[in-house]
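Peer 1: Input: one structure, supplied below.
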Amino acid sequence: MKKWDYTIGIDVSKNTLDVHCSEINEHIQILNSSEGFKHFLKWCRLKQIALNSSFIVLEHTGGYEYKLIQFCEAHKLQYARIPGLAIKRSLGIIREKMIKLMLPV
């Protein structure tokens, strides 16, 4: 299994995305639009987050994440959509096991 340098968690809503990088403990809120994604790329460059060695975990909201998925696919970023309830219930070792089951090989 691949070891990622950065894990980026994204809380998806209709208008905004809350982005958190756990390794550097930084957070940003961006628009859920192409303008917001440009801001996200600038933020990653500023914080020296290498997206090609990052794994993005996003909430499966049933539609609001569609633009973000298109962005990830266009930039060839590795990501996983996980149901919100699974994220909410995931703590400590339980979280690690769930993420390992959902990571691409």
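Peer 1: Do you know which residues across segment 68-86 are within 25 Å of residue 42 (Cα to Cα) and either hydrophobic (A, V, I, L, M, F, W, C) or touching a strand residue (DSSP E or B) at 6+ places or on another chain (Cβ under 7 Å) (or both)?
Peer 2: Answer for segment 68-86, where residues must be within 25 Å of residue 42 (Cα to Cα) and either hydrophobic (A, V, I, L, M, F, W, C) or touching a strand residue (DSSP E or B) at 6+ places or on another chain (Cβ under 7 Å) (or both): 68, 69, 71, 72, 74, 77, 78, 79, 80, 81.
Peer 1: Of all residues in segment 33-63, how many are touching a residue at least 12 places away in the same chain (Cβ under 8 Å), part of a loop (DSSP other than H, G, I, E, B) and either over 24 Å from residue 86 (Cα atoms) or touching a Ser or Thr at 6+ places or on another chain (Cβ under 6 Å) (or both)?
Peer 2: Counting residues in segment 33-63 that are touching a residue at least 12 places away in the same chain (Cβ under 8 Å), part of a loop (DSSP other than H, G, I, E, B) and either over 24 Å from residue 86 (Cα atoms) or touching a Ser or Thr at 6+ places or on another chain (Cβ under 6 Å) (or both) gives 4.
Peer 1: If a residue must be closer than 13 Å to residue 17 by Cβ and in contact with a strand residue (DSSP E or B) (Cβ under 6 Å, 6 or more places away or on another chain), how many such residues does segment 33-67 contain?
Peer 2: So the count comes out to 11.
Peer 1: Looking only at segment 1-32, which residues are in contact (Cβ under 8 Å) with a residue 24 or more places away in the chain and surrounded by 14 or more Cβ atoms within 10 Å (Cβ to Cβ)?
Peer 2: 4, 6, 7, 8, 9, 10, 11, 12, 17, 19, 21, 32, listed by residue number.
Peer 1: Separate question: Looking at (1) assigned to a strand (DSSP E or B); (2) surrounded by 16 or more Cβ atoms within 10 Å (Cβ to Cβ); (3) modelled with pLDDT of 90 or more; (4) among the hydrophobic types (A, V, I, L, M, F, W, C), find the lone condition where residue 71 falls short.
Peer 2: For residue 71, the exception is condition (1).
Peer 1: Inside segment 1-32, can you point out the residues that are polar (S, T, N, Q) and assigned to a loop (DSSP other than H, G, I, E, B)?
Peer 2: To start, the set of residues in segment 1-32 that are polar (S, T, N, Q) comprises 7, 13, 15-16, 22, 25, 29, 32.
The answer is 13, 15, 22, 25, 32.
The values are calculated or read from the model by the stated rules, or taken from the named source; none is laboratory data. Since we're looking at a predicted model, the values are computed, not measured. So basically every Cβ, Gly included, is an ideal-geometry build from the backbone, and we count neighbours across all protein chains shown.
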